[in-house]
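What follows is one structure encoded as structure tokens, with my remarks underneath.
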Amino acid sequence: MNAEQRSVFQGIVYYYREHTVLCRYELTMKDPVDAELLQQACDEARPLAGYFFQKVVWEKREAHLAPNDAPFRVRIGHVQPHIPEDTDDYQLACSCEGNQIFFDWFHFLADGRGGSQLVTLVLKLYCNLRYGTAFACEPLVSDPPYDIEDILARYPESQVENDMQKEVTQISEAKPQLVRVRLDKQSLLDAALPLGVKPFSALITLFCKAGREYFGRDDLMYNYSTDARDAMGTPKALFNCVASFQRPITVTEADTLATLVPGVEADIRHNLTKEPKLFRVAEQMGWVYQVYRQRASLKIKKRVFQMGEYISGFPSDFWVSYQGDPFVPADPDLEKYLTDFQTWVPADGASIGVECTTLHGVITICIQNKAQKPGYAAALRHAFESAGVKVLEAAELGPSPYTSPYIP
């Protein structure tokens, strides 16, 4: 596998999925957005972030990125476009309406940390134009892609232990409903600190508590994603670089945060170290590599991949991704120009998908729920408040307006 193939390898999984997975960042600025200045900011970002302003070219059943000479147009309105059909083959889009800026991109191109680097750059350029600030806007230079063949050779047992014999969690595939929850960040820290656990561990645990109430059963399966750049030695990677972990849990009516969180914490602490991340990348990408190497059409590869992923037990009741600070690198001065930041990603491979970001002391949790059942916001409020976490909002927002993954 050459460097060009490696650069898109982890992202290729999003061509094998059943639905197109588009990510959306929704930024609310303190003032109405000037569309012309936002266009200028995007134009200035192109030479500084060339990786993002490319198109996908398919040759001999393989994809690679190539320069895109078409103008990159900032759109007016909040409607998520079809990517790349509506975006001149770009894998991302930028639009604005009122005080809001919207960034959408095909997950093939980048994960959240990669996408955040572009959003941070464009926002800095925009603020320099709009407010006369002097944010430094350095070029985004990516680390070379990791070599999956080296990792698979290092962990051959990853393909032996993953024997595809696990019981498969049955997930819902209805049109997603949006749920948004906002938490006071300090109150979550206050709940976690006396127990000696990470706030993220407490967050996951309370989602499990809510899951028992919502699904009406004790046994649950959850996934959480971790940034694998540190383990892979690619701290500046713009491409997808994620290790996702899965864990079953049993929650009883008598369980509390204190009784459940030690097991969740132990699992997370172990998996945040280098070797488990590398091993998990080998596990999750080994099947992708086998499919990738087949001399078959994309349509056939999709069928083979989805069947193998399903019987391997990958699906879960819910997955949680915690982005934390929305900007990379973090910049408190940049945050002053925003009043809100939301992240919306389809619940791919689970009934419920959860994205969490932090801004101005508030954790905003954006949820796409495919289970055709009301009451999830209420279950979350009950779980968090039972642990002393202050809930600022818990709202059912109705059907998802996003084109992804339910494109007609």
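All of the numbers you see were taken from the coordinates with simple rules; none came from a lab. Computed from a predicted structure; not experimentally measured. We place every Cβ from the backbone using ideal geometry, glycine too, and count neighbours over all the protein chains shown.
All other residues whose Cβ lies under 11 angstrom from that of SER142 are scored, Lys and Arg at +1 and Asp and Glu at -1, for a net of +1. In this Cβ point-charge picture (+1 for Lys and Arg, -1 for Asp and Glu), the chain has a dipole of about 500 debye about its Cα centre.
Which shape class applies to segment 3-131: rounded if a/c is under 1.5, otherwise prolate when a/b exceeds b/c and oblate if not, where a ≥ b ≥ c are the square roots of the Cα gyration tensor eigenvalues? It comes out prolate by the Cα gyration axes. Applying 1/(1 + (r/R0)^6) with R0 = 30 Å to the Cβ-Cβ distance of ARG46 and THR259 gives a FRET efficiency near 0.05.
All distinct Cα pairs of segment 169-399 go into the 1/r average, and the inverse of that average, the Kirkwood radius, is 18.7 Å. Seen from ARG130, the other residues with C-beta closer than 12 Å to its C-beta sum to a net charge of -1, counting Lys and Arg as +1 and Asp and Glu as -1.
Normalising the average separation of contacting C-alpha pairs (under 8 angstrom, six or more residues apart) by the number of residues puts the relative contact order of the chain at 25 percent. Segment 340-377 and segment 248-265 have their alpha-carbon centroids 22 Å apart. When peptides 185-193, 111-119, 248-256 are sorted by average Cβ neighbour count within 10 Å, with the highest value leading, the order is 111-119, 185-193, 248-256. Net charge of the neighbourhood of SER172, taken over other residues with C-beta under 12 Å away and scored Lys/Arg +1, Asp/Glu -1, is +1.
Would you mind pulling out the separation of the Cα centroids of segment 60-85 and segment 24-40, in Å? Centre-to-centre (Cα) distance: 19 Å. Per-residue ellipticity at 222 nm computed for the chain from its helices equals -10500 deg cm²/dmol, with DSSP H segments shorter than 4 residues left out and the rest contributing -39,500 (n - 2.57).
Which length gain, in nm to one decimal place, applies between ARG303 and ARG269 when the Cα-Cα distance is subtracted from 0.36 nm times their residue separation? Length gained between ARG303 and ARG269: 8.7 nm.
Taking +1 at the Cβ of each Lys and Arg and -1 at the Cβ of each Asp and Glu, which of MET232, THR339, MET307 sits farthest along the dipole of segment 169-399 towards its positive end, judged by Cα position relative to the Cα centre? Farthest along the dipole direction, towards plus: MET307. One Cα centroid belongs to segment 284-306, the other to segment 165-209; the line between them spans 32 Å. In the chain, taking the dipole from charged Cβ atoms about the Cα centre, the farthest positive-side position among THR133, ALA210, SER172 is held by SER172. Taking a ≥ b ≥ c as the square roots of the eigenvalues of the Cα gyration tensor of segment 2-76, is the shape rounded (a/c under 1.5), prolate (a/b larger than b/c) or oblate? Note, shape of segment 2-76 comes out prolate. By its C-alpha gyration tensor, with a ≥ b ≥ c as the square roots of the eigenvalues, how is the chain shaped: rounded for a/c under 1.5, else prolate for a/b larger than b/c, else oblate? Verdict is oblate for the chain.
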